[in-house]
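The values are calculated or read from the model by the stated rules, or taken from the named source; none is laboratory data. As the structure is a prediction and not an experimental result, all values here were calculated from the model. Reconstructed Cβ throughout: ideal geometry from the backbone, glycine too, with neighbour counts over all protein chains shown.
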Amino acid sequence: MSSDARRWIARLLIGIVLAWNVQAALAFLIWPSSFAWAYELSGVPGEAAMRGVAVLFLMWNVPYVPALWHPVRYRLALVLAWTMQLVGLIGESFILVSLPSGHATLGTSVLRFILFDGAGLILLGIAWWLTYREVEEIR
């Protein structure tokens with residue numbers, strides 16, 4: 001497979017993860033009350049918390065943009081994005097195992113994030129692997 005093909009596939013994988021993250025951020029930002037209940041939150045405080053999470057999602061996605069633009073030239077951005085996915089996966093797993101019983105809805109919501117970040121971690125890892133040889137050729 002050519003370097004260009006590998007780079008475009010890597011961009012597609014990074015783009016999928018970026019789109020998932022931005023879609024979740026916009027949904028939380030625009031319709032916070034639709035999601036607050038899943039985190040056992042309600043009212044104005046629940047909506048503010050969901051919007052805060054949305055802002056964090058948007059902040060989190062900054063390195064994905066240069067990685068999408070050129071995953072070889074902006075290799076560090078791709079590595080940072082992968083690392084952020086890993087931190088999310090580990091942190092969410094800790095949250096899930098530390099929940100006391102009686103919070104099934106909350107646990108299910110956290111589990112969705114674990115699956116979401118796990119899938120993103122895999123896709124970004126494949127993008128990194130696809131572009132690895134090209135980075136090594138440049139060195």
Exercise for review: Kindly indicate whether any position in segment 113-125 is in contact (Cβ under 8 Å) with a residue 60 or more places away in the chain and of a type in the set (Asp, Glu).
Suggested key: no
Practice item. Answer yes if at least one residue in segment 94-116 is loosely packed, with under 14 Cβ neighbours inside 10 Å, charged (D, E, K, R) and over 15 Å from the mean Cα position of the chain (by Cα), and no otherwise. Key: no
Review point. Can you spot a residue in segment 17-24 that is surrounded by fewer than 16 Cβ atoms within 10 Å (Cβ to Cβ), assigned to a helix (DSSP H, G or I), of a type in the set (Gly, Ala, Ser) and touching a residue at least 24 places away in the same chain (Cβ under 8 Å)?
Key: no
Review point. Regarding Val44, is this residue in a helix (DSSP H, G or I) and closer than 22 Å to Thr108 by Cα?
Key: no
Revision key, fill the gap. Taking first residues from segment 46-69 that are without any contact (Cβ under 8 Å) to a residue 40 or more places away in the chain and among the small types (Gly, Ala, Ser) and second residues anywhere that are crowded, with 18+ Cβ neighbours inside 10 Å and assigned to a helix (DSSP H, G or I), the pairs with Cβ under 7 Å that are 6 or more apart or on different chains are Gly46/Ala36; Ala49/Ala36; Ala54/Ala25; Ala54/Phe28
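So is Ala49 out of contact with any Lys or Arg (no Cβ under 9 Å at 6 or more places or on another chain), farther than 16 Å from Ala24 by Cα and either loosely packed, with under 12 Cβ neighbours inside 10 Å or hydrophobic (A, V, I, L, M, F, W, C) (or both) or not? Outline the logic, then answer.
Values: out of contact with any Lys or Arg (no Cβ under 9 Å at 6 or more places or on another chain): yes; farther than 16 Å from Ala24 by Cα: no; either loosely packed, with under 12 Cβ neighbours inside 10 Å or hydrophobic (A, V, I, L, M, F, W, C) (or both): yes.
Judged against the criteria, Ala49 is not a match.
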Exercise for review: For residues that are under 16 Å from Ser93 (Cα atoms) and not aliphatic (A, V, I, L, M), scanning just segment 117-136, find the one that is surrounded by the most Cβ atoms within 10 Å (Cβ to Cβ).
Suggested key: Gly120
Review point. Checking Val87 against (1) farther than 30 Å from Tyr132 by Cβ; (2) surrounded by fewer than 16 Cβ atoms within 10 Å (Cβ to Cβ); (3) not basic (Lys, Arg), which test does it fail?
Key: (1)
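Residues that are charged (D, E, K, R) and either in contact with an Asp or Glu (Cβ under 6 Å, 6 or more places away or on another chain) or more than 13 Å from Leu18 (Cα to Cα) (or both): which helices (runs of 4 or more DSSP H) entirely in segment 54-139 hold 2 or more of them? Please lay out each step first, then the result.
Details: elements: 64-69, 75-98, 104-138.
Passing ranges, in order: 75-98, 104-138.
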Exercise for review: State all residues of segment 75-84 that are surrounded by fewer than 18 Cβ atoms within 10 Å (Cβ to Cβ) and not β-branched (Val, Ile, Thr); if no residue qualifies, say none.
Suggested key: Leu76, Leu80
Review point. Which condition breaks for Asp4 when tested against (1) under 30 Å from Arg133 (Cα atoms); (2) assigned to a helix (DSSP H, G or I); (3) modelled with pLDDT of 95 or more?
Key: (3)
